[in-house]
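Everything below concerns the one structure shown next.
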Amino acid sequence: MRALFIVNPQATTTTSRTREVILGALASELDITVAETEYRDHAVVLAREAAADGHELVLSLGGDGTVNEVVNGLLATPEGLKRPRYAVIPGGSANVFIRALGVPGDPVEATGAVLEAVREGREREINLGRITSDQDDRYFTFCAGFGWDADVVQQVEHERANGRKATPALYAEVAVKLFFQGDIRDPSLSVVSRGRTLEEVYFALVTNTTPWTYAGALPLQPTPASRFELGLDAFALTHSSHALTGWVLSQMFFPKGLPARGDGYATWHDQDSLLISSSHPRAFQIDGEYLGEREQVNFHSVPKALRIVC
């Protein structure tokens, strides 16, 4: 099988030696071509061209940002060409999408699992989320967020640019700081779904699966019923009290996740589409990647969008 292996050389949790071990294992069973990413969205270009180059399978080594780029490239496969299947190997600090699929968190072990799936012909089709706005037309794999979590992502990217490593501890530090100092108390958002409008929302998430993210090994689940096989779920924070907000966030750590109903928040389940808007520009992120400020974004569920080997 001809396969393209897209590698992010800046992946935070792998070394050059680990990458050599992984490549050796893949090359023992696949006709493998390696391509290293050199700039942001380079993986989009590489994945988009994979089918034209005769590749039946695309693999990636990197974090959720690399995964998002590869997925967007695969979904842009030119018409008339068969879209390659996709397999993921973790190399980032969070690896939310990969862990939600049930792929092992260790990159070498994950490589073994992927090769086993290739040999046995195991694959699954998953739904994706899609965002459209005046500035965007892009897919996401597990979540998109308006407000506080996007502020966290933006600040972590700033810290990384200044030389800090994107560890769970850094995310926690920034999240706590912005929880008390950021615009989580700004009720500028509104959410519209199936004719229902909810206004004065402080922070909003749209998810394609659960969890929303991880705090180290602990999953945070604001929408625990969200699944790759269903439509989109959403969470909206509707109260600004630090005490109540802290309580709501703490419930996301419970094994069953946040209940579908409760004080200070609202949720939606298995939605075909949603619209989130703001009375002024707010921070926005997808799959842990900061996109900038937005005032309005449409969200759509795309059924059976991608074939995953796992």
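To the nearest ten degrees, helix 107-120 and the longest principal axis of the Cα atoms of the chain are 70 degrees apart. Relative to the longest principal axis of the Cα atoms of the chain, the long axis of helix 64-74 makes an angle of roughly 70 degrees. When both bridge partners sit in the chain, DSSP labels roughly 75% of those beta bridges antiparallel.
Could you tell me which residue out of 84, 117, 132 lies farthest along the dipole of the stretch 82-133 toward its positive end? Charges go on the beta carbon: Lys and Arg +1, Asp and Glu -1, centred on the Cα centre. Going by the charge dipole, the pick is 132. Were the residues from residue 275 through residue 38 laid out at 0.36 nm apart, the gain over their Cα-Cα distance would be 81.9 nm. With all protein chains in place and ligands, DNA and RNA left out, the 1.4 Å accessible area ranks 114, 302 as 302, 114, largest first. Less than 5 angstrom separates the built amide H of residue 203 from those of 237, all sequence-distant by 5 or more or on a different chain. Computed from Cα atoms alone, the Kirkwood hydrodynamic radius reported for the stretch 144-247 is 14.8 Å. 3J(HN,Hα) couplings calculated from phi for the stretch 124-138 with the Karplus curve 6.51 cos²θ - 1.76 cosθ + 1.60 (θ = phi - 60°) are, in sequence order, 9, 9, 10, 7, 10, x, 10, 10, 9, 7, 4, 10, 10, 8, 8 Hz; Gly and Pro show x.
Measuring with a 1.4 angstrom probe and ignoring ligands and nucleic acids, residue 229 comes out at about 100 Å² accessible. Among the trypsin sites (Lys or Arg not before Pro) within the stretch 162-234, those in coil by DSSP and having at most 15 neighbouring Cβ atoms inside 10 Å are 164, 165, 194. Mean projected area of the Cα convex hull of the stretch 27-154, taken over all directions, amounts to 8.8 nm². Building the convex hull from the alpha-carbon atoms of the stretch 166-310 and averaging its projection over directions returns 9.2 nm².
Grouping the Cα pair distances of the chain into 10 Å bins from zero gives a pair-distance distribution of 6, 28, 35, 22, 8, 1 percent in increasing distance order. Seen from all directions on average, the stretch 110-163 presents a Cα convex hull projection of 6.5 nm². Counting heavy atoms of the protein chains alone, residue 13 has an accessible area of about 80 Å² for a 1.4 Å probe.
Could you tally the net charge around residue 143, taking each other residue with its Cβ under 10 Å from the Cβ of residue 143, Lys/Arg +1 and Asp/Glu -1? So the environment of residue 143 carries a net charge of -4.
Full-extension gain between residue 82 and residue 25, please, as 0.36 nm times their residue separation minus the C-alpha to C-alpha distance. Difference between extended and current length: 17.9 nm.
Put simply, the amide H of residue 305, placed in the peptide plane, has neighbours under 5 Å in 126, 127, 128, leaving out anything fewer than 5 places away on its chain. Under a model in which nothing but the beta-carbon of Lys, Arg (+1) and Asp, Glu (-1) is charged, the chain shows a dipole of about 520 debye around its Cα centre.
Lys-Lys pairs in the chain that are eight or more residues apart or on separate chains and whose Cα atoms lie under 30 Å of each other come to 4. If you average the C-alpha positions of the stretch 31-90 and of the stretch 165-189 separately, how far apart do those two centres end up, in angstrom? Taking the Cα centre of the stretch 165-189 as reference, the centre of the stretch 31-90 is 32 Å away. Remark: spin-label model distance residue 164-residue 298 equals 3.8 nm, labels positioned 7 Å along the Cα→Cβ axis.
At the residue level, residue 180 shows approximately 110 square angstrom of accessible surface with a 1.4 angstrom probe and all protein chains present.
The values are calculated or read from the model by the stated rules, or taken from the named source; none is laboratory data. Because the structure is predicted, anything quoted here is derived from the model rather than measured. Note: ideal-geometry Cβ built from the backbone for every residue, glycine included; neighbour counts use all protein chains shown. Quick note on the areas: whole protein, heavy atoms, side chains included, nothing else; ligands and nucleic acids left out. Shrake-Rupley method; radii C 1.70, N 1.55, O 1.52, S 1.80 Å.
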